[in-house]
Amino acid sequence: MQIGFIGTGSMGKPMAQNLLEAGHELVIYNRTPSKASSLEESGAHLAETPAEVAEDAAVVVTMVSDDGAMTDVVFGSEDGDVALGTGLVETLSDEAIHLAMSTISPETSRTLRTAHADRNQRYVAAPVFGKPSFAEDATLSVVAGGPENSVETCLPIFKAVGRQHFVVGSDPAKANIVKLAGNFTIASMMETLGESFALMEKAGIEPEDFLNVINQSLFDSPLYEAYGRTIAERDFEPAGFQLELGLKDMRLTGEVAQEHEAPMPLLSLLHDNLLSAVANGRGSEDWSALGGFVAERAGLDGGASPTA
């Protein structure tokens with residue numbers, strides 16, 4: 001399959017590499033071309049604009065940081081790095097698919113669905129769960145939303161980048177809501193682990209011993225293991241997913257909760273704690289640094305910081 005791929009950052013780059021290794025033809029775009037150089041060496045063609053990526057692609061995958069970056073690459077941006085008229089919507093063929101794998105708001109997802117439908121193009125939302133190491137190992141979990149036939153077309157991509165996929169309905173925005181709620185759950189886990197680790201350390205118990213106990217007897221989760229180990233070792237750099245992006249996701253989750261009149265008091269706590277961490281200079285660290293910030297509040301060494 002000829003695939004376009006836009007966004008070769010810490011998650012997108014290994015995903016694109018796995019698509020190449022699965023035998024797909026790849027045309028790639030990244031606003032910083034140097035970040036895509038190794039993919040060129042592996043056989044991908046580097047495009048100069050998102051529109052060029054979409055010209056002959058059956059599916060264009062987008063894996064970008066936020067809603068603003070998504071609208072830039074889809075529609076083009078007068079003031080940003082992408083010029084007007086160079087968005088992928090301009091050249092994506094009839095019946096070709098935009099597969100949006102980024103974490104974006106359901107509102108933006110609905111806008112994209114309408115824009116593509118107006119041009120006889122197809123749209124599937126399929127955000128992923130997992131750290132960059134999961135992307136490298138092709139063990140991401142994919143949550144897809146879209147028309148059944150469009151999702152079916154994307155299955156080879158899901159299989160190349162992940163270990164499992166879930167379909168949550170024909171409305172793409174539902175996949176985005178599931179992803180945001182999932183990130184809320186992960187942030188809740190990191191806050192809980194940070195508080196528990198701080199208690200362990202102050203009580204003279206190794207946090208890693210506590211992690212082994214709960215992960216082997218209570219949860220048995222690769223995410224608990226991965227994020228728990230990062231928090232216990234206070235290894236927050238380089239960031240797989242920046243803390244400031246986690247704050248963005250909690251804000252988006254709050255907007256969805258308000259839309260549906262769903263009280264989420266823990267979400268308010270997490271938003272404020274992430275905001276405090278950003279205000280204290282930790283926004284560029286991995287979002288598991290939330291656990292380190294909790295340790296600081298307990299009078300302990302919180303690990304990495306930009307000024308260290």
> What is the Rg over Rh value, at two decimals, for region 143-227, using alpha-carbon atoms and the Kirkwood definition of Rh?
Replying inline: 1.16
>> Taking θ = phi - 60°, what integer Hz values does the Karplus form 6.51 cos²θ - 1.76 cosθ + 1.60 yield along region 192-204, in sequence order, with x for Gly and Pro?
In response: 5, 5, x, 5, 5, 5, 4, 4, 4, 4, 6, 8, x
>> Compute a Gaussian network model of the chain, connecting alpha carbons closer than 10 Å, and tell me which residue from Ala279, Ala175, Ala58 fluctuates the most.
In response: Ala279
> Per residue, how many Å² of accessible area does region 123-268 show with a 1.4 Å probe?
Replying inline: 46
> At a Förster distance of 35 Å, what's the computed FRET efficiency of Gln164 paired with Asp301, Cβ-Cβ distance as r, to 0.05?
Replying inline: 0.40
> Taking the Cα centre of each part, how many Å lie between region 2-23 and region 253-308?
Replying inline: 30
>> If you take P(r) over Cα pairs in 20 Å bins from 0, in percent from the coordinates, which of (1) 33, 55, 11, 0; (2) 35, 59, 7; (3) 24, 49, 24, 2 do you get?
In response: (1)
>> What are the ³J(HN,Hα) couplings of region 175-183, residue after residue, when phi is run through the Karplus curve with 6.51, -1.76, 1.60 and θ = phi - 60°? Round to Hz, x for glycine and proline.
In response: 5, 5, 5, 4, 5, 5, 5, x, 5
>> Just the number: Rg to Rh for region 1-47, Cα atoms, Kirkwood Rh, two decimals.
In response: 0.90
>> Over the chain, what is the relative contact order in percent, taking alpha-carbon pairs closer than 8 angstrom and at least six residues apart?
In response: 13
>> Can you give me the long-range amide H partners of Val167? Hydrogens built in the peptide plane at 1.01 Å from N, cutoff under 5 Å, separation of 5 or more residues or another chain.
In response: Ala144
> Expressed as a whole percent, how much of the Cα-Cα distance distribution for region 22-79 exceeds 17 Å?
Replying inline: 39
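Sum -39500 (n - 2.57) across every DSSP H segment of at least 4 residues in the chain, then divide by the residue count to get the 222 nm mean residue ellipticity, nearest 500.
Numbers: 13 runs with 153 residues, N = 308.
For the chain, the value works out to -15500 deg cm²/dmol.
Can you tell me what the convex hull of the Cα atoms of region 37-177 projects to on average, as an area in nm²?
Computing the convex hull of the Cα atoms and averaging its projections yields 8.1 nm².
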> For region 1-111, how big is Rg over Rh, using alpha carbon atoms and the Kirkwood form of Rh?
Replying inline: 0.93
> What is the mean projected area of the alpha carbon convex hull for region 125-189, to one decimal in square nanometres?
Replying inline: 4.1
>> How compact is region 197-270 by the rule of thumb for globular proteins, expressed as Cα Rg over 2.2 N^0.38 Å?
In response: 1.38
> Leaving out ligands, DNA and RNA, what percent of the accessible area of region 100-246 is carbon and sulfur, probe 1.4 Å?
Replying inline: 50
> For region 256-269, in order, what is each residue's ³J(HN,Hα) by Karplus, 6.51 cos²θ - 1.76 cosθ + 1.60 with θ = phi - 60°, in whole Hz (x at glycine and Pro)?
Replying inline: 5, 4, 5, 4, 9, 6, 10, x, 9, x, 5, 4, 4, 4
> What share of Cα pairs, in percent, lie more than 21 angstrom apart in region 177-308?
Replying inline: 38
> Which GluC sites (Glu not before Pro) from region 1-68 combine a DSSP loop assignment with at most 14 other Cβ atoms within 10 Å?
Replying inline: Glu48
> Under 5 Å between amide H atoms, partner at least 5 residues away or on a different chain: which partners does Val60 have, H built in plane at 1.01 Å?
Replying inline: Gly4, Ile97, His98, Leu99
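The values are calculated or read from the model by the stated rules, or taken from the named source; none is laboratory data. These numbers were taken from a predicted model, which means no experiment stands behind them. So basically every Cβ, Gly included, is an ideal-geometry build from the backbone, and we count neighbours across all protein chains shown. Heads up: the accessible areas ignore ligands, DNA and RNA and are worked out on the full protein's heavy atoms, side chains in. Shrake-Rupley method; radii C 1.70, N 1.55, O 1.52, S 1.80 Å.
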